[in-house]
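Worksheet for the structure shown next.
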Amino acid sequence: MKKTILASAILLAGAANAAEIYNNEGTTVSLGGSFRGHVAIQDSDNVKFEDAGTRFDLKVAKEIDSGLKAYGHVEIKNSDNEGEGKSNGLYLNKSYVGLEHNVFGAVELGKQYGLNDDLVMNDFSYENGVYNEDNDLFGSDSEDQLKYTKAFGGASIVVSLMDQDTYAFGATYNVAGLELGGSYNIANDRTVAGQGIVDNSTYIVGARYTLDALVLAAQYQASEVGNLDTSAYGLGAHYTLGQVGIYAMYDILDGDLKSDQGSELVLGADYELAKGVIAFAEYNSSDRDGATADRAKGSDDTLWLGGRVYF
């Protein structure tokens, strides 16, 4: 989820131009990924040097017939961030197979992200953002699912089924520099700490407008976890000047729990040192009315200095 306009462009280019390591009789195998690291500075007594989600992608595609292909994707990711909810070390972030037809769309089966992750349109940051904090409660985190996608013109629809109690559907639309998107997730009979087994739901809508080097975006998300409601909304902007990108985002959280109330301001800049090589500096000022798993109550200012190498 954490990506800027520049990083997004590099990721899209990497998806199309990943290093092809095998090609024979309609079967291709490609290798890609990114090395990531940062320094997180809160004060002179709290400085952390960390990996920031280094990952490796392996993609396989096989042409079956005219207009039809089968493919697979595996992504292995590293985590030393307890806030991600993952155990330290390498873990399987994505693993799915797919069948795509140029008329009827694509069907994918396996471990992958839901549409919510693609609709955080105002988040231009590398290390911050308040949206989708509880993805695992709504079936929109990286998990096993059957997903159908169909694109037509500037629009696309997505329908996902995780199990008999968890499903999602959404759509996107692009026209004249304007991108719109929305999705709705239902996750019934999920175990939530302090509430037991409850029914959860969330919807997210966003808009992004690109005008030459300037990108403006807005976002709104509302969630129900059992009998607790949370809403989050925000604005974002990104401006590109040559190899430099400057961005800002402001988010507000409003919920029944104190930990789901507050705001977050992010200011940052990145620089493309060479193709696929990015350095960035990012300042985050977070103000929460209650403590969370990875944040104390009150104001929390952090400076992030980092870099990424995409391959």
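A quick yes/no check of all residues on (1) open to solvent by less than 30 Å² (accessible area, probe 1.4 Å); (2) modelled with pLDDT of 90 or more; (3) over 16 Å from the mean Cα position of the chain (by Cα); (4) within 29 Å of L161 (Cβ to Cβ):
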| position | (1), (2), (3), (4) |
| --- | --- |
| K2 | no, no, no, yes |
| A15 | no, no, no, yes |
| A18 | yes, no, yes, yes |
| E50 | no, yes, yes, no |
| I64 | no, yes, yes, yes |
| G83 | no, no, no, yes |
| S87 | no, no, yes, yes |
| A106 | yes, yes, yes, yes |
| G110 | yes, yes, yes, yes |
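Do the conditions hold for Y271, that is, is it closer than 30 Å to Y167 by Cα, out of contact with any helix residue (DSSP H, G or I) (no Cβ under 8 Å at 6 or more places or on another chain), open to solvent by 50 Å² or more (accessible area, probe 1.4 Å) and at pLDDT 95 or above? Working first, answer last.
On the way: closer than 30 Å to Y167 by Cα: no; out of contact with any helix residue (DSSP H, G or I) (no Cβ under 8 Å at 6 or more places or on another chain): yes; open to solvent by 50 Å² or more (accessible area, probe 1.4 Å): yes; at pLDDT 95 or above: yes.
So Y271 does not fit the description; no.
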Determine which member of the set T210, T230, T202, T240 is open to solvent by 30 Å² or more (accessible area, probe 1.4 Å), closer than 17 Å to N116 by Cβ and of a type in the set (S, T, N, Q).
-> T230
Among all residue pairs at least 6 apart or on different chains, which show Cβ distances below 6 Å where the first residue, located in region 60-71, is touching a residue at least 24 places away in the same chain (Cβ under 8 Å) and part of a strand (DSSP E or B) and the second is surrounded by 14 or more Cβ atoms within 10 Å (Cβ to Cβ) and hydroxyl-bearing (S, T, Y)?
-> A61/T28; A61/Y71
Of these, N185, N227, N200, which one is farther than 30 Å from G153 by Cβ, among the polar types (S, T, N, Q) and touching a residue at least 40 places away in the same chain (Cβ under 8 Å)?
-> N200
What do you reckon, is Y148 touching a strand residue (DSSP E or B) at 6+ places or on another chain (Cβ under 6 Å), of a type in the set (S, T, Y), farther than 23 Å from D254 by Cα and touching a residue at least 24 places away in the same chain (Cβ under 8 Å)?
-> yes
In region 40-62, how many are of a type outside the set (G, A, S) and under 23 Å from G26 (Cα atoms)?
-> 5
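The values are calculated or read from the model by the stated rules, or taken from the named source; none is laboratory data. What you are looking at is a predicted structure, and each value in this text was computed from that prediction instead of being measured. A quick note on method: Cβ atoms are made from the backbone with ideal geometry, for glycine too, and the neighbour counts reach across all protein chains shown. Heads up: the accessible areas ignore ligands, DNA and RNA and are worked out on the full protein's heavy atoms, side chains in. Shrake-Rupley method; radii C 1.70, N 1.55, O 1.52, S 1.80 Å.
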